[in-house]
Amino acid sequence: PGPMAWIFHTFSYAKVIAQNTLNPAKCYWDSDVLVYGGHTRFSMVEFRLMLSHFIAKAKSLIAKLLLLPHDFTGLDIPTIHWERIVDDVHDNSVGYSFLSDRRNAWISEKRDFIQQKLQRDPALASEWYDVESGRLNKSTLNAYGETVDELRKILFGLIHFTAGQPGRGTEVSNVRFE
């Protein structure tokens, strides 16, 4: 037999071994309790509470990023027309985003939302700008960036837990954002 026959034979042998060899479970259900690694345990109620906490935290961070009160009073948030968003999932060119797609030009009208909010509210603007120099306040800008990072982490966790089977490393590593 040639090398290809040997490869097929070895592959078939390995497949039979894999089908007939049991690996100990690392994650299993015990009634309504998920057990991981034999010692980490949590119930579905605890899992739902964790997701509720993440959702509440995400809402709070979004309100903070949109410069809104925590309870979302005085809502003047731009409307997002989800049904009008167009994306070309086949466009892998560098710099492409559904935000830059010409069919979504209406989105660019909303990009200045925060700037307009600062222009309308002098007290809020004083937190962001040095009145004398007109420059952005570095500490406020850094805090805003940290809030964005925190929101990304929470959204990643929520997507990972609620969007079906979690993505593998190769699937998650190519997720891009603008």
Original post:
Given the options Leu124, Leu51, Leu68, which has the most mean-square fluctuation in a GNM of the chain, springs set between C-alpha atoms less than 10 angstrom apart?
Top reply: Leu124
**OP:** Note down the accessible area of His160, probe 1.4 Å, to the nearest 10 Å².
**Re:** 60
Original post:
(i) 21.8; (ii) 19.1; (iii) 20.8: which one is Kirkwood radius over Cα pairs in Å as calculated from this entry?
Top reply: (i)
**OP:** Could you pull out every whole DSSP H run in the chain that spans at least 30 Å of Cα extent along its own axis and averages 0.5 or higher on the Kyte-Doolittle scale?
**Re:** 44-65
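From the square roots a ≥ b ≥ c of the eigenvalues of the alpha-carbon gyration tensor of region 1-54, which class results: rounded (a/c under 1.5), prolate (a/b over b/c), or oblate?
prolate
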**OP:** Write down the radius of gyration of region 82-150 and its Dmax, each obtained from C-alpha positions, in Å.
**Re:** 16.5, 48
Original post:
Between Lys59 and Thr162, what length in nm is gained on full extension when 0.36 nm per residue of separation is reduced by their alpha carbon distance?
Top reply: 35.4 nm
**OP:** Ignoring everything but the protein chains, give the 1.4 Å probe accessible area of Met44 in square angstrom, nearest 10.
**Re:** 60
Subject >> Exposure rank, largest accessible area first [Lys117, Lys26, Lys15; 1.4 Å] >> reply: Lys26, Lys15, Lys117
Subject >> Cα-only radius of gyration and Dmax that characterise region 23-126, units Å >> reply: 21.5, 64
**OP:** Would you tell me the accessible area of Val148, worked out with a 1.4 angstrom probe on the heavy atoms of the protein chains, in Å² to the nearest 10?
**Re:** 40
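Working with all protein chains in place, sort Glu146, Glu127, Glu83 by solvent-accessible area computed with a 1.4 Å probe, largest first.
Largest accessible area first, the residues go Glu83, Glu146, Glu127.
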Original post:
By how many nm would the segment from Asp32 to Leu155 grow when fully extended, if each residue of separation counts as 0.36 nm and the alpha-carbon distance is taken off?
Top reply: 41.7 nm
**OP:** Please arrange Ile80, Ile107, Ile62 by accessible surface area, largest first, computed with a 1.4 Å probe and ligands excluded.
**Re:** Ile80, Ile62, Ile107
Original post:
Suppose R0 equals 30 Å; then what is the FRET efficiency for His81 and Leu49 from their Cβ-Cβ distance, rounded to the nearest 0.05?
Top reply: 0.35
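The values are calculated or read from the model by the stated rules, or taken from the named source; none is laboratory data. All figures in this text were calculated on a predicted structure; none of them were measured in a lab. Cβ: placed from backbone, ideal geometry, glycine included. Neighbour counts: every protein chain shown. Side chains are part of the model used for accessible areas, which takes the heavy atoms of the whole protein and leaves out ligands, DNA and RNA. Shrake-Rupley method; radii C 1.70, N 1.55, O 1.52, S 1.80 Å.
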